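Remarks on the structure that follows.
We did not get these values from a lab; they are worked out from the coordinates using the rules stated. Model, not experiment: these values are computed from the prediction. As a convention, Cβ positions derive from the backbone with ideal geometry for all residues, glycine included, and neighbour counts pool all protein chains shown.
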Amino acid sequence: MSKLAVTLRFVSGAELLIKDEFRAQSNKKSGDLEFKHEVPAGTEEAPLRMKELIEHVRDNLVKGDKDQFYKDGKLRPGILVIINGSDWEVEDGPEYKVQADDVIEFISTLHGG
Amino acid sequence: MPRQCEICHEARAVLKRPKTGQRICQACFFRVFETEVHNTITSSQLFRPGDRVGIGASGGKDSTVLAYVMKLLNERYNYGLSLFLLSVDEGISGYRDDSLETVKRNKEQYGLPLMIVSYEQLYGWSMDSIVEAVGRKNNCTFCGVFRRQALDRGALLLDLDHIVTGHNADDLAETILMNIFRGDIPRLTRCTSIATKGDGYIVRSKPFKYAYEKEIVMYAYLRRLDYFSTECTYSPNAYRGYARVFLKDLEALRPSTILDIIHTGERLQVAGDVVLPEASVCEKCGYISSNRVCKACVLLEGLERGLPKMGIGRVTAAAASAGEDEAERQSIRPRKPVEQVHFAELAERAARMRSERRACETSSCAGTGCAGPQQCAGTACTESQCTAAAQTTTHHDPLGK
């Protein structure tokens, strides 16, 4: 199956959910994580949507308790998703069809100030 | 196909507002977010011109956005406020030390004077040493009780009129639910007020009371604000954690849930036959307390006598000491015992600072080159003939500033 390369960012606490091996690939000096990642592109009839990308992240990138990231069939409420600088709720949310070179950010809000 | 902003119909939408469901662009979002906070401030008449306002600053997203927005609104609408950053250092290594670095950067970025008060200076105990003594089970009780007082002490040291905190709509909805679940009627009635004078000395308010957490995070994100985000190393507040997740699940189904809960909380009326505790002051430290001795003093006494369970739940001194070994008690005494300053004395000093500052304002330190307290805001001026500067310097020295 062909692959799609996207940029993933995990910030504001979301980076704590990601396996250490991806930390090494990050080009950020601070706690933020940012790296290029290849995901299976899906097929012409069933192109890769955010829904599948999130499941891919859960299965391959998230460490430990997966419930912290994904629960009851969806991304944990309280984690914001930004696609190319826009709130994913502006577009189609989980139905958004992922494009090559998209920048996809996960921002956690589930911690105190 | 990118969507257009539903307000200006020109730019590309970057955010769906949880409050209204509108999809809006960055410029419109900044404008509505800032205007709504301004409206909250003016409709509740939170400030008077000339007020000295401390921004409770933790380095986290809420207080960082609050500091940015307060500075911006103060300039945009000429509130006439002197703004300060006020931080509490609980003494939690690997957490608060890092977040305070963020506050120090904010101080430079926003050009606001910063005061840090620490548990160690105020109480002789850092959270690290408290955890060493009491373990990880009840340490949040100590931290919460000490923090409230610490902010008030810091505010009196700076002679502030007002403290603003970054509590947002999501936080408030959680607090309302938690008070309902715990049957805490006094707190349930108090928690919804935008401003409280519950501690007797300084008014506290929450300008973000109606601001959704999502919008605060998006604001910080889009403005590229520098904030710190790590969970406290000592067990997160478990009860609030459940309330938070429960609320987030509800919000996903129905975004207005958060404002609806706040609305409910605001409209609740306590039946006439519910007796609310009467407020008086602690006979040891002068802090407001419904008991003879306030919670902080009870907890401190427990720590100092080596009975750290004292003041937790309903444990009395006698019960706490039963079965405790004297040798073990000795071992957890603080390394640096601290004489707590009585609140009445702090208030007196603050009043003295105020009258000296007034005198300085009228005579404006002629001939010394000091442009007066408006310039130094009472913290930075080093001109020895400026009375405001002279007395703030003495106040800052004990804090190691």
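Pairs A:Lys97/B:Lys61; B:Lys71/B:Lys209; A:Lys36/A:Lys71; A:Lys3/B:Lys248; B:Lys284/B:Lys309: which exceed 28 Å Cα-Cα?
Beyond 28 Å between Cα atoms: A:Lys97/B:Lys61; A:Lys3/B:Lys248.
Using only the alpha-carbon atoms, how far is helix A:50-60 inclined from the longest principal axis of chain A? Give it as 0 to 90 degrees, nearest 10.
Between the helix axis and the principal axis of chain A, the angle is about 60 degrees.
Taking each residue in B:20-26, count the Cβ atoms of any other chain within 10 Å of its Cβ, then average. What number comes out?
Counting Cβ atoms of other protein chains within 10 Å of each residue's Cβ and averaging gives 2.
With the contact rule set at Cα under 8 Å and sequence spacing of 6 or more, what percent relative contact order holds for the range B:25-164?
Result for the range B:25-164 is 28 percent.
Using the per-residue mean of other Cβ atoms lying within 10 Å as a proxy for protection, in what order, highest first, do the peptides A:36-44, B:56-64, B:279-287 fall? Can you show the working numbers first?
Details: A:36-44: 13.1, B:56-64: 26.4, B:279-287: 16.9.
Listed from highest to lowest mean packing, they are B:56-64, B:279-287, A:36-44.
Whole-Hz Karplus ³J(HN,Hα) for the range B:45-56, in order, using 6.51 cos²θ - 1.76 cosθ + 1.60 and θ = phi - 60°, x for Gly and Pro?
6, 5, 10, 10, x, x, 4, 9, 10, x, 9, x
Quick one: length gained pulling B:Ala271 to B:Glu6 fully straight, 0.36 nm per residue minus the C-alpha distance?
90.9 nm
Given R₀ = 22 Å, FRET efficiency for B:Asp184-B:Lys137 by Cβ-Cβ distance, to 0.05?
Details: r = 21 Å, r/R0 = 0.96.
It comes to 0.55.
Counting only residues 5 or more places away or on other chains, whose amide H sits under 5 Å from the amide H of B:Leu85 once H atoms are built in the peptide plane?
B:Ile55, B:Leu114, B:Met115
What aspartates and glutamates sit close enough to A:Lys19 to cross-link, taking a C-alpha to C-alpha distance under 20 Å and skipping anything fewer than 8 places away on the same chain?
Straight-line reach from A:Lys19, under 20 Å: A:Asp32, A:Glu34, A:Glu38, A:Glu52, A:Glu55, A:Asp59, A:Asp65, A:Asp67, A:Glu105, B:Glu231.
Calculate the length of the line joining the C-alpha centroid of the range B:93-125 to that of the range A:23-90, in whole Å.
Between the Cα centre of the range B:93-125 and that of the range A:23-90, the gap is 34 Å.
Tell me, what is the percent relative contact order of the range B:44-267, built from C-alpha pairs under 8 Å that lie six or more residues apart? The partial results should precede the final answer.
Values: 337 pairs, mean separation 56.2, N = 224.
It comes to 25 percent, rounded to a whole number.
Using alpha carbons only, how many angstrom separate the centre of the range B:228-279 from the centre of the range B:68-85?
Computed from Cα coordinates, the inter-centre distance equals 29 Å.
Given a Förster distance of 41 angstrom, what is the FRET efficiency for B:Thr42 paired with B:Tyr234, based on the Cβ-Cβ distance and rounded to 0.05?
Efficiency, from the Cβ-Cβ distance: 0.55.
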